[in-house]
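J.: Submitted below is the structure of interest, expressed as structure tokens.
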Amino acid sequence: MKKIFVLLSILILALLSFGCHSAEQAPLSQVENDLLAASQNLSGMEKGDGKTLKRYYGLNMSDYQEVLIYVPANYMDVSEILVIKASDSAQLDLIEGAVDVRNAMQLESFGGYGPKQVELLENHEFKIVGNTLFYCVSPEASTLKDTFVKSIKNNP
């Protein structure tokens with residue numbers, strides 16, 4: 001009886017370990033490479049850092065597992081990409097709120113004189129896969145979102 005209990009315990013632990021491993025997501029460096037390969041138009045954006053994340057979204061980079069941010073290269077452009085791997089759903093809610101505020105502020109800023117920018121902002125793409133959030137404002141937003149989803153799911 002004791003042997004059966006030990007074998008069942010080992011089997012359960014093995015299944016749990018396998019289940020956790022299969023749910024892993026791609027590192028954001030791989031996602032970034034895939035996004036760059038799929039895009040024809042990231043030249044209007046520049047890669048950001050922790051200061052950029054704080055300035056644009058009011059978020060601290062050190063609070064998250066991984067962050068990828070691209071922002072407009074000039075002030076008359078609205079194209080940007082934000083990908084954040086969060087620790088839990090509470091963090092995802094916080095990030096989603098920051099994205100909503102950013103998008104609303106941009107719409108307000110460009111509302112009176114930037115119809116092309118407003119169109120891009122209104123057609124932004126937003127997606128959460130597992131614990132990773134994707135936000136994109138770009139003429140290629142739909143393509144980049146599809147690339148993100150494939151990359152995050154296919155590169156454990």
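The values are calculated or read from the model by the stated rules, or taken from the named source; none is laboratory data. Just so it is clear, the model here is predicted, and its values are computed rather than measured. Methodologically, a virtual Cβ is constructed for each residue, glycine included, from the backbone with ideal geometry; neighbour enumeration extends over all protein chains shown.
J.: For the range 98-156, name all the residues that are outside any helix (DSSP H, G or I), in contact with a strand residue (DSSP E or B) (Cβ under 9 Å, 6 or more places away or on another chain) and within 19 Å of Gln40 (Cα to Cα).
T.: First, the residues of the range 98-156 that are outside any helix (DSSP H, G or I): 111-114, 123-140, 155-156.
Filter once more, so that each one left must be in contact with a strand residue (DSSP E or B) (Cβ under 9 Å, 6 or more places away or on another chain): 123-128, 130-138.
Answer for the range 98-156, where residues must be outside any helix (DSSP H, G or I), in contact with a strand residue (DSSP E or B) (Cβ under 9 Å, 6 or more places away or on another chain) and within 19 Å of Gln40 (Cα to Cα): Asn123, His124, Glu125, Phe134, Tyr135, Cys136, Val137, Ser138.
J.: So which residues in the range 31-53 are touching a helix residue (DSSP H, G or I) at 6+ places or on another chain (Cβ under 7 Å) and within 27 Å of Asn154 (Cβ to Cβ)? Break it down stepwise before answering.
T.: As a first pass, look at the range 31-53 and keep what is touching a helix residue (DSSP H, G or I) at 6+ places or on another chain (Cβ under 7 Å): 31, 34-36, 38-39, 42, 50, 53.
Val31, Asp34, Leu35, Leu36, Ala38, Ser39, Leu42, Leu53, listed by residue number.
J.: Could you list all residues from the range 101-137 that are within 14 Å of the chain's Cα centre (by Cα) and not aromatic (Phe, Trp, Tyr)? Break it down into steps so the answer makes sense when it comes.
T.: In the first step, residues of the range 101-137 are kept if they are within 14 Å of the chain's Cα centre (by Cα); the result is 124-137.
Residues satisfying the conditions are His124, Glu125, Lys127, Ile128, Val129, Gly130, Asn131, Thr132, Leu133, Cys136, Val137.
J.: Let me ask something additional. All but one of (1) in contact with a Lys or Arg (Cβ under 7 Å, 6 or more places away or on another chain); (2) closer than 22 Å to Ile152 by Cα hold for Tyr56; which doesn't?
T.: Against the list (1) in contact with a Lys or Arg (Cβ under 7 Å, 6 or more places away or on another chain); (2) closer than 22 Å to Ile152 by Cα, Tyr56 comes up short only on (2).
J.: Working only within the range 45-71, note down all residues that are out of contact with any strand residue (DSSP E or B) (no Cβ under 8 Å at 6 or more places or on another chain) and of a type in the set (Ser, Thr, Tyr).
T.: If the condition is that a residue be out of contact with any strand residue (DSSP E or B) (no Cβ under 8 Å at 6 or more places or on another chain) and of a type in the set (Ser, Thr, Tyr), then Ser62 is the only one that fits.
J.: Restricting the range 45-97 to residues that are outside any loop (DSSP other than H, G, I, E, B) and acidic (Asp, Glu), which is surrounded by the fewest Cβ atoms within 10 Å (Cβ to Cβ)?
T.: First, the residues of the range 45-97 that are outside any loop (DSSP other than H, G, I, E, B): 45-47, 50-57, 61-63, 66-72, 80-85, 89-97.
Applying the additional criterion that residues be acidic (Asp, Glu) yields 46, 63, 66, 80, 93, 96.
Numbers: Glu46: 14, Asp63: 14, Glu66: 16, Glu80: 26, Asp93: 12, Glu96: 16.
The selected residue is Asp93.
J.: Give me the pairs, please: first residue somewhere in the range 46-61 and within 13 Å of Pro72 (Cα to Cα), second residue anywhere and hydroxyl-bearing (Ser, Thr, Tyr) and at pLDDT 95 or above, beta-carbon distance under 6 Å, and either six or more positions apart or on two chains.
T.: From residues that are within 13 Å of Pro72 (Cα to Cα), the pairs are Lys47/Tyr70.
J.: On the basis of being surrounded by 15 or more Cβ atoms within 10 Å (Cβ to Cβ), within 22 Å of Ala38 (Cβ to Cβ) and among the small types (Gly, Ala, Ser), does Ala141 make the cut?
T.: So Ala141 fits the description; yes.
J.: Next up: Counting just the residues of the range 109-138 that are of a type in the set (Asp, Glu) and more than 22 Å from Leu92 (Cβ to Cβ), which one comes out surrounded by the fewest Cβ atoms within 10 Å (Cβ to Cβ)? Before you say what the answer is, go through the steps one by one.
T.: Filtering the range 109-138 for residues of a type in the set (Asp, Glu) gives 119, 122, 125.
Add one more test, that the residue is more than 22 Å from Leu92 (Cβ to Cβ), and what stays is 119, 122.
Numbers: Glu119: 12, Glu122: 10.
If we take residues in the range 109-138 being of a type in the set (Asp, Glu) and more than 22 Å from Leu92 (Cβ to Cβ), then Glu122 is surrounded by the fewest Cβ atoms within 10 Å (Cβ to Cβ).
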